[in-house]
Every structure is written in structure tokens, then in C-alpha cells.
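Undergrad: Dropping the structure in here first, questions after.
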Amino acid sequence: MVLFSSKTIIQAHAVLLIVIAGYLIKNPALITNCDLVFMMGEALNIDFPIASSAPENPYVFTSIPLIAIATFDLILLSTLPYKNALDEALRYVRPLRNSNLPAEDLQILASLPEYITKSLTMYWNVWVSVAASRFSLYGGIAFFIYQGRDAGLLEGVEGLGRIRTRVVFTFCFMEMMAWFWIFATLRQERQERLTKLLEDAREQAE
């Protein structure tokens, strides 16, 4: 059983990104010099960025994509049908990813209106794809930084050497963990909710 719904986690994550972006604009040192960033950098021997004032701090500009990502997530979250589709499908469904459906369950699925089927699966299909792609992206960047922390592999590539900081690594690592949590929650939530719906359908059929 999931502790928090995927929708709640995604909303909280988007709000947190906006808060971080706000601090990066107003006082970036509060983020770049925090204890978590320091401990991650020291443990993995990743260089610390040069301190600078807020207008000169390069992390000020990262607040723009953070706000854009958070806004996109909130808009997408409010656009995709979630609870209403599940409520309407209460009498019909079972886990759609299970290929070994008995005949009676196939009949239940066949009786499900097409628009409900699309609405029911759209939320999970879209967000599972988003979570998996972002987990891969942030994990790749974190691994890239970790691999090049000692040998200076990034220094020879123009522009890429600048991302070899403990701030970027910590952010990517935490984002990777967050999206893995969201991905796992989405899959578990889908399994639990659709299983319950099928049980309700069988009870009503009896």
C-alpha cells in the first residue's frame, strides 16, 4: 500500500522545485553551501563551486528551467484525468498489465467503455514514461560527474567541465531518487487500485 499518492508526490516535488528556484534567485549560497551539498561533495571528492555574489552566481540562471519544469508538471498533472476515471471504472477493471487474464476478466474488460479505458490508463502511462526518462537523465548526469571527478575527463570538453560541481551532482542525485520513488509509486498504485476495482466488479457480479 502506497504511503502517499503519486499525485501528491508530484505536486510536492513541483512546489519544492519552485522553492529552490526562489532561493537560487534571492540567496543562491543558501542552496549551494548547504550541509547536504557539502557532505555529498566531500564523500565523493567532487569539487566545490567558487563562491560568488547572487547576480554573478551561475546557479541563479538555473532557476528558470526549474520553474519551467515545475510549471509543466503541475499543468500536466491537472490536465490528465485521474480520480474521476477511476471512480467511473469502479465496476469493471483489473490490472491491465497482467497478460494472463481469465475469461471472465476479459469479458469485464470488453464491457469497459473505450473512453474510460483511455482515461484510466493515460495518467499512469504518461507519468511512468516521464518518471523513467527523468530518472535516466538525472542518473546519467550524476554518473557522468562521478566518473570524471578525479581524472578531469570533463575539462577537455568545452562547457561540460562547468557542471562538475557537487551542487549539480547533489541535485541530479536527489532528482534521480525522487523520480525513482515516483516511478515505483505509480506502478504500485496502479496495481493496487485496479486490483481493488476488479474485486469490486466480481462482488457486484455475484
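Undergrad: Check off (1) of a type outside the set (Gly, Ala, Ser); (2) modelled with pLDDT under 90; (3) touching a Phe, Trp or Tyr at 6+ places or on another chain (Cβ under 8 Å) for Asp87 and give me the number that stays unchecked.
TA: (3)
Undergrad: State which residue is modelled with the highest pLDDT when the search covers only the range 147-206 and only residues that are over 30 Å from Leu77 (Cβ atoms) and crowded, with 20+ Cβ neighbours inside 10 Å.
TA: This residue is Arg166.
The values are calculated or read from the model by the stated rules, or taken from the named source; none is laboratory data. Everything numeric in this text was worked out from a predicted model, so none of it was measured. Every residue, glycine as well, gets a Cβ built from its backbone with ideal geometry; the counts of neighbours run over all protein chains shown.
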